[in-house]
Amino acid sequence: MLELAPDRNFELLGEYAIETEYDIVMARQTVRQFAKKAGMGIVDQTRITTAVSELFRNMYNYAGGGKVLIERGDVESHDALIITCIDHGPGIENLELAMSDGYTSGMGMGYGLPGTKRLVDRFEIQSKINEGTTVRIMKWK
Amino acid sequence: MSEPRNVKNLKDRINRIEDILASVAAGDMDARIETEIEDDLSGIEAAIDLLIDDLTDELRQREKMQKELETKLKEIQEQQRTIVQQQEDLLELSSPVSKVWDNILILPVIGTLDSQRTQIMMENLLQKIVDTGCTISILDITGVPTVDTQVANHLLKTVTSARLLGAECIISGISPAIAQTIVHLGIDLSTIRTKATLQDAMIYAMKQNKRSDEMKVLSRNALSDEKED
């Protein structure tokens, strides 16, 4: 599995599998609940929910599903909601291209990844061909 | 006291114990040793009878539980079927297209727009446009909590298809939070006519109606003028 920067002490709020379209809906509703509980306003709730929706869909459409970790913790003295998406799909060949607006490898609009990045405060991505992709996003409270 | 059924000598009695145990093992739970002689061996014989009693009870209970489990399983399978059926029904029901005024269709969308639902929604809308000949349709997404790129893409496709049939599609009910999110995502919805509320969309649609009515009157007048000339 791909490793992102070693974790500070995050509190694990939940771990979910994305295997069907229904899982996408359930998981993103859960994220919205956690965002609400963390005290985020309606705009931030909508942003983080939309951001994770993009990531979950990517996992479902391109990697045949994956795993989601929802955590809360202190990042650079921000109270942050951290969501990590891990899949073992084909990986992304050209990350730079995938992160640029308007580029799509499949049937999408080409705004998924770059759009997601604009919706959150921190965006980390790692991908290896034939091993999978890990994306971690953070949203400050 | 009746004549004991049991044999007198020890060897026969042990043989009988073996026989009984064999029949129990074969599934005959009614077999008992039932000795009527009081001696050292009768204690063991009575204990074996008790054990068979207990075993019978256990087996009966297990059978009962198994039956209960089977009934429950059947019930659950039945419920599962109902759920699947209802989901299918819901798919049909969840995209009602209604004609609310002359020339105006409304499609209220509530809940999540997955690909299957959008497909049905789009088919319903396009069919209704053809059936009624309406040229204005309002897609109200007040009840859609999340608009990501896939949903936006579906909306764009629906609007484009409606346009190909000669109908204008207005999208209403985009909340301020969703509006900001769409802008951040980078999706361009400027090719679509959007209104904040269903009411605004309705007012716009009525105005369009009035305008096309006026146009009709004008062209009719022009035609009759030509005749007079």
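The values are calculated or read from the model by the stated rules, or taken from the named source; none is laboratory data. Keep in mind that this is a model prediction, so the values were computed, not measured. Every residue, glycine among them, receives a Cβ derived from its backbone with ideal geometry; neighbour counts consider all protein chains shown.
Table for the structure above
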{"read-out": "Selected residue (only one of B:Thr35, B:Thr132 is of a type in the set (Ser, Thr, Tyr), assigned by TED's automatic domain parsing to the domain that holds B:Val147 and surrounded by 10 or more Cβ atoms within 10 Å (Cβ to Cβ))", "value": "B:Thr132"}
{"read-out": "The stretch B:153-190, residues that are crowded, with 21+ Cβ neighbours inside 10 Å, of a type in the set (Ser, Thr, Tyr) and within 13 Å of chain A (Cβ to nearest Cβ)", "value": "B:Thr181"}
{"read-out": "Residue check, A:Thr46 polar (S, T, N, Q), modelled with pLDDT of 90 or more and more than 26 Å from A:Asn9 (Cβ to Cβ)", "value": "yes"}
{"read-out": "Meets criteria (within 14 Å of chain B (Cβ to nearest Cβ) and in a strand (DSSP E or B)) for A:Ile137", "value": "yes"}
{"read-out": "Of the criteria (1) out of contact with any helix residue (DSSP H, G or I) (no Cβ under 9 Å at 6 or more places or on another chain); (2) loosely packed, with under 15 Cβ neighbours inside 10 Å, which one A:Glu19 fails", "value": "(1)"}
{"read-out": "Qualifying residue in the stretch B:57-73 (condition: without any contact (Cβ under 8 Å) to a residue 60 or more places away in the chain and within 30 Å of B:Leu125 (Cα to Cα))", "value": "no"}
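Let's see how each residue does on (1) farther than 21 Å from A:Thr46 by Cβ; (2) of a type in the set (A, V, I, L, M); (3) at pLDDT below 90:
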site: B:Asp148; (1), (2), (3): no, no, yes
site: B:Leu185; (1), (2), (3): no, yes, yes
site: B:Thr197; (1), (2), (3): no, no, no
site: B:Met215; (1), (2), (3): yes, yes, yes
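For every residue, the table says whether it meets (1) basic (Lys, Arg); (2) part of a helix (DSSP H, G or I); (3) within 13 Å of another protein chain (Cβ to nearest Cβ); (4) under 23 Å from A:Pro90 (Cα atoms).
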| position | (1), (2), (3), (4) |
| --- | --- |
| A:Ala27 | no, yes, yes, yes |
| A:Ala35 | no, yes, yes, no |
| A:Gly39 | no, no, no, no |
| A:Asp44 | no, yes, yes, no |
| A:Thr49 | no, yes, yes, no |
| A:Glu54 | no, yes, yes, yes |
| A:Gly64 | no, no, no, yes |
| A:Gly73 | no, no, no, no |
